[in-house]
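Visitor: This structure is in structure tokens; I'll ask about it shortly.
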Amino acid sequence: MEYLLDFWGNTGFGLADYRHFIMIAVGIVFIYLGIVKHYEPLLLVPIGFGILMGNVPVFKGLGLGIYESGSVLSYLYFGVHQGIYPPLIFLGIGAMTDFSYMLAQPRLMLLGAAAQVGIFLTFLAALAMGFLPREAASIGIIGGADGPTAIFLSAKLAPHLVGPIAIAAYSYMALVPVIQPPIMYLLTTREERLIRMPDPRPVSRREKIIFPVIGFLSCCFLAPAALPLLGMLFFGNLLKECLVADRLALTARTALIDIVTILLGITVGASTQADVFLTAKSVGIFLLGAASFMVATASGILFAKLVNVFATNKINPILGAAGVSAVPDSARVVQLVGNREDPGNYLLMHAMAPNIAGVIGSAIGAGVLWSFMM
């Protein structure tokens, strides 16, 4: 009996407490949302399974936990807490993104800039709630709905909060189809949602090749701290558009980004160990993240309505919701809402302009916050 009791005490069942089972339930919910509801399955399925891996109780000192030096998971997690994975994700995003929608309609870029208001308002709210400045800056970036940027900034400024910030950012990215439509309906009239946008002008190949260079230099001279993210984003896009490095562009937007997404998802999920993750700060981060994302969505919509006061060519204000960085899900949600009002209204190509601008804007916002916290 003594041996049986010793064996039981060495198992996960004997080592677990209620917090582990809460986190395991959260992991199962993430997997369910990814598989059954198709909410960002490429992110939620790895993160959900990583949460399961991180919440199987193990003995300290065996080199198994993600926070134990020398463990396999800690080596894989190195790419998260040193900010290596996010720039590689940005490289893949750049290699699969067509910037021509943004170049054809420059005024829609302003909607992406306006949506970044959520980042700075949440930064101030986090400070008011008692978070340290570096923690508040990391939390604020959740409003951009940009998981890689949130991970990158928190790894640099508040590494102890990477887990809850990453989970919050990716959760709200996955819930874009749930969170954004009610805000669109609340802030716009049916007449506004029926506005049809003119066809964008054709963009030449020369413009597509020149823009990554000009865009990179302009953005990084403005916010040098954003260089690792924006450098890889614009480099990936140059590989795509130059047409002489197809193999590199193909690798960046397929094999490389898939491998990095798997590693990032599993390790971010595993970092949510119950004894580290379930704290009052984590709850505050989730609440602030939700508020930040909703404010960012509302800011883009309200700015579009403001532009319409002075513009002769009206902007469909729901395009402002695509100003957050959840590419391309926010643009798809705009298309679905617009198409529901008018089946012949195609807004996807227009929504991609503020959506791409939002990616760039959130990276610049992260660079600005990082430079102020140095």
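Every read-out reported here was derived from the displayed coordinates using simple, explicitly stated rules and does not represent laboratory data. Just so we're clear, the structure is a prediction, and the values are computed from it rather than from any experiment. Cβ sites come from the backbone with ideal geometry, for glycine too, and all protein chains shown count toward neighbours.
Visitor: Can you find, among A158, G92, I210, the residue farthest towards the positive end of the dipole of the chain? Put +1 on the C-beta of Lys and Arg, -1 on that of Asp and Glu.
Guide: Value computed over the given set: I210.
Visitor: Now, a different point. What shape does region 197-247 take by its C-alpha gyration tensor, where a ≥ b ≥ c are the square roots of the eigenvalues and a/c under 1.5 counts as rounded, a/b above b/c as prolate, and the rest as oblate? The partial results should precede the final answer.
Guide: Values: a/c = 2.48, a/b = 1.33, b/c = 1.86.
Here region 197-247 falls in the oblate category.
Visitor: Any chance you could check the Cα centroid distance between region 166-180 and region 255-293 for me, in angstrom?
Guide: Each part reduced to its Cα centre gives a spacing of 12 Å.
Visitor: Let me ask something additional. Note down the nm distance, to one decimal, between modelled labels 7 Å out along Cα→Cβ at Y67 and at F21.
Guide: According to this spin-label approximation, the distance is 2.2 nm.
Visitor: Students often get this wrong, so try it: which of (1) 51, 20, 17; (2) 38, 22, 19; (3) 49, 26, 17 is semi-axes √(5λ) of the Cα gyration tensor in Å as calculated from the structure shown?
Guide: Given (1) 51, 20, 17; (2) 38, 22, 19; (3) 49, 26, 17, the structure-derived one carries the label (2).
Visitor: Suppose R0 equals 51 Å. What FRET efficiency, 1/(1 + (r/R0)^6) with r the Cβ-Cβ distance, do F372 and E2 give to the nearest 0.05? Before the final figure, lay out each step's value.
Guide: Numbers: r = 60 Å, r/R0 = 1.17.
The value I calculate is 0.30.
Visitor: For region 82-373, with only Lys/Arg (+1) and Asp/Glu (-1) charged at the beta-carbon, what is the dipole magnitude about the Cα centre, in debye rounded to 20? Display every interim value, and only then the final one.
Guide: Details: 18 positive and 14 negative charges, 81 e Å.
Its charge dipole is roughly 380 debye.
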